[in-house]
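Visitor: I am attaching a structure below and will ask some questions about it afterwards.
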Amino acid sequence: MMVAGIGCRKGVAAAEVLAAVEAALAAHGLGPAALSALATTAFKRDEKGIAAAARRLGLPLLLVEDEAGGDTLTRSDLSLAVAGSPSVSESAALGAAGGNARLLGPRLALGPATCAIAESAP
């Protein structure tokens, strides 16, 4: 299972989320077909742009608890203060991909959206 975790500023547009997902996938030499789901933390559950991006990709949107993602590669003090997670996108990707998941790399920030890719361990 491969999951794209999404973090964003409030009011992000679907096109901005999709651009971040595409850039993160490209950074790892992957295409959209590699993804099983999009994920975000419960804190971002009302972001319509994230839900719209998942629909456009034909993927389920998984919500994870803010602290469910384990160790992240990056840390944002702002994210920690506002969302309770050092990296919303990395935490969401790890939490949705399962207990032994690993990040393919640090989150990629593109405009108002961040995306991190995680895969479940075999």
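The values are calculated or read from the model by the stated rules, or taken from the named source; none is laboratory data. Given the structure is predicted, the values throughout are model-derived calculations rather than measurements. Using ideal geometry, Cβ is built from the backbone for each residue, glycine included, and neighbour counts are taken over all protein chains shown. We work out accessible area using only protein heavy atoms, side chains counted, and drop any ligands, DNA or RNA first. Shrake-Rupley method; radii C 1.70, N 1.55, O 1.52, S 1.80 Å.
Visitor: Residues of the range 23-50 with amide nitrogen under 18 Å from the 7 Å Cα-to-Cβ point of Leu110?
Guide: Answer for this model: 23-40, 49-50.
Visitor: Modelled label-to-label distance, Arg102 and Ser120, 7 Å Cα→beta-carbon offset: nm?
Guide: Those two pseudo-labels are separated by 1.7 nm.
Visitor: Given Cβ point charges of +1 (Lys, Arg) and -1 (Asp, Glu) and nothing else, what value in debye, to the nearest 20, does the dipole of the chain about its Cα centre take?
Guide: 300 debye
Visitor: Let me ask something else. Suppose all protein chains stay in the model; what accessible area per residue would a 1.4 Å probe give for the chain, in Å²?
Guide: Using a 1.4 Å probe on heavy atoms only, each residue of the chain averages 48 Å².
Visitor: Got a sec to turn the phi values of the range 22-30 into Karplus ³J(HN,Hα) couplings, 6.51 cos²θ - 1.76 cosθ + 1.60 with θ = phi - 60°, whole Hz, x for Gly and Pro?
Guide: 4, 5, 5, 4, 4, 4, 10, x, 10
Visitor: Using a 1.4 Å probe over the heavy atoms of the protein chains, calculate the carbon and sulfur portion of the accessible area of the chain as a whole percent.
Guide: Carbon and sulfur: 53 percent of the exposed surface of the chain.
Visitor: To continue, here is another question. Sort 104-117, 34-47 by packing, meaning the average of other beta carbons within 10 Å per residue, with the highest value first.
Guide: Details: 104-117: 21.7, 34-47: 20.2.
The peptides rank, most packed first, as 104-117, 34-47.
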